[in-house]
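Beneath this line is the structure, given in structure tokens, with notes to follow.
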Amino acid sequence: MKLHHVGVAVRDLDEAIARHAKIGLKLAHREVVPSQGVEVAFVGERPWIELVAGTHPGSGVSKFIDKRGPGQHHLAFAVPSIIEELARQERAGAQLIDKAPRPGAWGHHVAFLHPKDQGGVLIELVEEGH
Ligand code: ZN
């Protein structure tokens, strides 16, 4: 598994994009992902930083920010097959948030592993090319 991006929860996406541009990390892609209640912006180059803002107060990221404030939210790894990787992770004892892949940003399929088994770090699996 190679690092695909580092997810960072932000309150104000425009402000966060501008702040990263100032340190030389240019906007690569921006998209609303309705299935996850978020708007995301990828900045820099692979492995990207994914800035994640909730689109409504009930979204997972909005709740995360309410509880813990903005900051590092998840690590995402590219895998050749999410279905195979989820099966492998389940056999290894990881708790799955998603039993099946769901649509993510950039047309990728994604799935999340519970942070409880990962030292408090939320892990995202990314299968590119959809
Ligand atoms: Zn992500």
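The values are calculated or read from the model by the stated rules, or taken from the named source; none is laboratory data. These figures come from a predicted structure and were not determined experimentally. Cβ coordinates were reconstructed from backbone atoms using ideal geometry, including for glycine residues, and neighbour counts include every protein chain displayed. The area values use the complete protein model at the heavy-atom level, side chains included, leaving out ligands, DNA and RNA. Shrake-Rupley method; radii C 1.70, N 1.55, O 1.52, S 1.80 Å.
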Expected single match for under 13 Å from the mean Cα position of the chain (by Cα), at pLDDT 95 or above and of a type outside the set (A, V, I, L, M) among His29, His20, His4 is His4
Can you find a residue in the stretch 54-73 that is crowded, with 18+ Cβ neighbours inside 10 Å and under 23 Å from Gly129 (Cα atoms)?
no
What is the one condition in (1) open to solvent by less than 50 Å² (accessible area, probe 1.4 Å); (2) over 21 Å from Pro34 (Cβ atoms) that Ile83 does not satisfy?
(1)
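Results for (1) of a type in the set (A, V, I, L, M, F, W, C); (2) in contact with a helix residue (DSSP H, G or I) (Cβ under 6 Å, 6 or more places away or on another chain), shown as yes or no for each residue.
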site	(1), (2)
His4	no, no
Asp12	no, no
Lys22	no, no
Val33	yes, yes
Val52	yes, yes
Pro57	no, no
Val61	yes, no
Lys67	no, no
Gln72	no, no
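For the stretch 96-127, give me the residue count where each residue is part of a strand (DSSP E or B), modelled with pLDDT of 95 or more and either among the hydroxyl-bearing types (Ser, Thr, Tyr) or within 14 Å of the ligand (Cβ to nearest atom) (or both).
Of the residues in the stretch 96-127, the ones part of a strand (DSSP E or B) are 96, 102-103, 109-113, 122-127.
Next, only the ones that are modelled with pLDDT of 95 or more stay: 96, 109-113, 122-127.
Filter once more, so that each one left must be either among the hydroxyl-bearing types (Ser, Thr, Tyr) or within 14 Å of the ligand (Cβ to nearest atom) (or both): 109-113, 122-127.
So the answer is 11.
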So, Glu45, is that one open to solvent by 10 Å² or more (accessible area, probe 1.4 Å), within 18 Å of Phe77 (Cα to Cα), charged (D, E, K, R) and part of a loop (DSSP other than H, G, I, E, B) or not?
yes
Sort out which residues of the stretch 52-74 are part of a strand (DSSP E or B) and touching a His at 6+ places or on another chain (Cβ under 7 Å), and write them in order of number.
Val52
Number of the condition not met by Gly93 [criteria: (1) more than 16 Å from the ligand (Cβ to nearest atom); (2) closer than 16 Å to Gly7 by Cβ]
(2)
The one condition His20 fails out of (1) touching a residue at least 12 places away in the same chain (Cβ under 8 Å); (2) open to solvent by 50 Å² or more (accessible area, probe 1.4 Å); (3) more than 21 Å from Gly129 (Cβ to Cβ); (4) away from the ligand (no atom under 14 Å from the Cβ) is (2)
